[in-house]
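Please read the structure below before turning to the comments.
The values are calculated or read from the model by the stated rules, or taken from the named source; none is laboratory data. Keep in mind it's a predicted model, so treat the numbers as computed, not measured. Ideal geometry is used to build each Cβ from the backbone, glycine not excepted, and the neighbour counts take in all protein chains shown.
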Amino acid sequence: MTRLGPGIYTPCRDTEATVLRNWAQIVAHEFPGATLVDRSARAGSPGEDGVLTVAHRRRRPLRLRGLTIVPRPGGVLPGDTPIMLGLWLSSQGRAMIDNAAGSGARYLAQAELEAWIVDLAARGGTTLNRVRDEARAVAETTGRSAAFARVDRLIAAALATGPAEPSATRALRARAAGQPHDRERVARFEALAAVLLDVAPRPLPALSVDAPRRALLPFYEAYFSNYIEGTEFTLDEAAAIVFEHEVPAGRPQDAHDVLGTYRIVSDETEMSRVPRDADELIDLLRARHRTLMEGRPETLPGRFKEHANRAGATLFVAPDLVESTLRAGFTAGADLIDPLARATFLMFLVSEVHPFADGNGRIARIQMNAELVHAGEVRVIIPTVYRNDYVSALRGATHNGSFAALVASLSFAQRYAARIDFSSRASAEADLARTNALRDPSEADRYGIRLLIP
């Protein structure tokens, strides 16, 4: 057994991980009945630095490997919530007052407090009004009217019923101005832009001499973009839809999805249009979505979504925050100049916001390739076998803030597209077959089959 502290032992070797995994048991043993307070009340767990602040009669901190428990005077107040093992969590109103009244490392900084209030505002005004009532009651009980006045001003700004200070975070100022956006998403866009600014450009020009080799590229671009989203046809069926206008019996809407995508990506003039500002981005998205989804009126072609949407564990931007988040996101990437960097950024922006009821992935890839066509560079295609790589890279960027895989996967896909001979179906499909492009992605993962650059 390894001794972690007085009366605390473990049979595990990785003591730091063990301590963090069992922090609640340790707190309950050493600080029975403690209440999580100050900045610890925000997360309900130790911070990234391993510090947990509690209200308890004990005065001595407890320092273990990976965990420091810091007590301060106080106890349970009305509204606090029992959590586990006899421990309590401060009510949100109490936590707001505690953090607004304090200063130093134990408390949330001003920007962190504002971010918390903005996040609560995204749940609706009812939540913030309840928190304000809780905070008022705590302030009256504990005699901290100045702290409540500060919290009240921040909540009023978040509800657009009062002004925000000039020094407030952008998210709070946007809410005060009646233009709220998804704060976490915009922070993610800013992080991606910072990564892309550090990536060395690797120009891949679409030379005019190679134009014959790209003759059928738009067809395969449309085919693969729909296949990714589950609209699966054989290449012969897709060719009949696009070139012969033959619609398979029983699948008119799926056929229109392919045809609508092809109409956009095969129009060189349309694909040369890129947004110069957020207004143009909004207009382009709506116009292209209208063309893409006109065969599915139930998806509101050309109109932003009216209901929240999600994919697996990913909940996308709320309907009332879509336009403002797109605008704030576009601003976050305004300094990007390299065509592939801008293409990557706009694809992720649209994919992450998911502004429409359906067709978001296809629209995101259309925006991506429009940036490349406008700049005279080779387009990106995502072959069937590469679907899981692409989707995994998107998920990593969404859930872990890991952008390296996304940047690398799109760069590889662009270089791949540049090497395929799209001058005819025979030449293209010969190249696609020998590079594994048409293989089922799940089967390919199972047998270690990968996309090859010819």
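Can you name the number of the only condition in (1) of a type outside the set (Ser, Thr, Tyr); (2) modelled with pLDDT of 95 or more; (3) over 24 Å from the mean Cα position of the chain (by Cα) that residue 453 fails?
Here residue 453 clears every test but (2).
For region 179-233, give me each residue that is surrounded by 14 or more Cβ atoms within 10 Å (Cβ to Cβ), free of Cβ contacts under 8 Å to residues at least 40 places away in the same chain and in a helix (DSSP H, G or I).
187, 210, 223
Considering only region 2-19, I want to know if a residue exists there that is at pLDDT 95 or above and on the phi < 0 side of the Ramachandran plot. Give the steps one after another, and end with the answer.
Here is the first cut: in region 2-19, the ones at pLDDT 95 or above are none.
No, region 2-19 has no match at all.
For region 234-244, enumerate the residues that are surrounded by 12 or more Cβ atoms within 10 Å (Cβ to Cβ) and either among the β-branched types (Val, Ile, Thr) or in contact with a Lys or Arg (Cβ under 8 Å, 6 or more places away or on another chain) (or both).
Within region 234-244, the subset surrounded by 12 or more Cβ atoms within 10 Å (Cβ to Cβ) is 235, 237-243.
235, 239, 241, 242, listed by residue number.
Counting just the residues of region 245-269 that are farther than 27 Å from residue 376 by Cβ and among the small types (Gly, Ala, Ser), which one comes out surrounded by the fewest Cβ atoms within 10 Å (Cβ to Cβ)?
Going through the qualifying residues, I end up with 249.
Looking only at region 276-302, which residues are in a loop (DSSP other than H, G, I, E, B) and basic (Lys, Arg)? Outline the logic, then answer.
Within region 276-302, the first condition is being in a loop (DSSP other than H, G, I, E, B), and the residues that meet it are 276-277, 294-296, 300-302.
Hits for region 276-302 are 276, 296.
Yes or no: region 332-353 includes at least one residue that is modelled with pLDDT of 95 or more, closer than 25 Å to residue 437 by Cα and either outside the structural domain of residue 422 (by TED's automatic domain parsing) or β-branched (Val, Ile, Thr) (or both).
yes
Can you name the residue in region 234-245 that is without any contact (Cβ under 8 Å) to a residue 60 or more places away in the chain and of a type in the set (Gly, Ala, Ser) and, of all such residues, is farthest from residue 374 (Cα to Cα)?
Per the stated criteria, the residue is 240.
Need a quick list: helices (runs of 4 or more DSSP H) entirely within region 1-83 having at least 1 residues that are basic (Lys, Arg) and surrounded by 16 or more Cβ atoms within 10 Å (Cβ to Cβ). Working first, answer last.
Numbers: elements: 15-21, 23-30, 40-43.
Passing ranges, in order: 40-43.
Run down 434, 419, 387 and say which single residue is charged (D, E, K, R), out of contact with any Gly (no Cβ under 8 Å at 6 or more places or on another chain), touching a residue at least 40 places away in the same chain (Cβ under 8 Å) and assigned by TED's automatic domain parsing to the domain that holds residue 196.
Values: 434 fails: touching a residue at least 40 places away in the same chain (Cβ under 8 Å); 419 fails: touching a residue at least 40 places away in the same chain (Cβ under 8 Å).
On inspection, the qualifying residue turns out to be 387.
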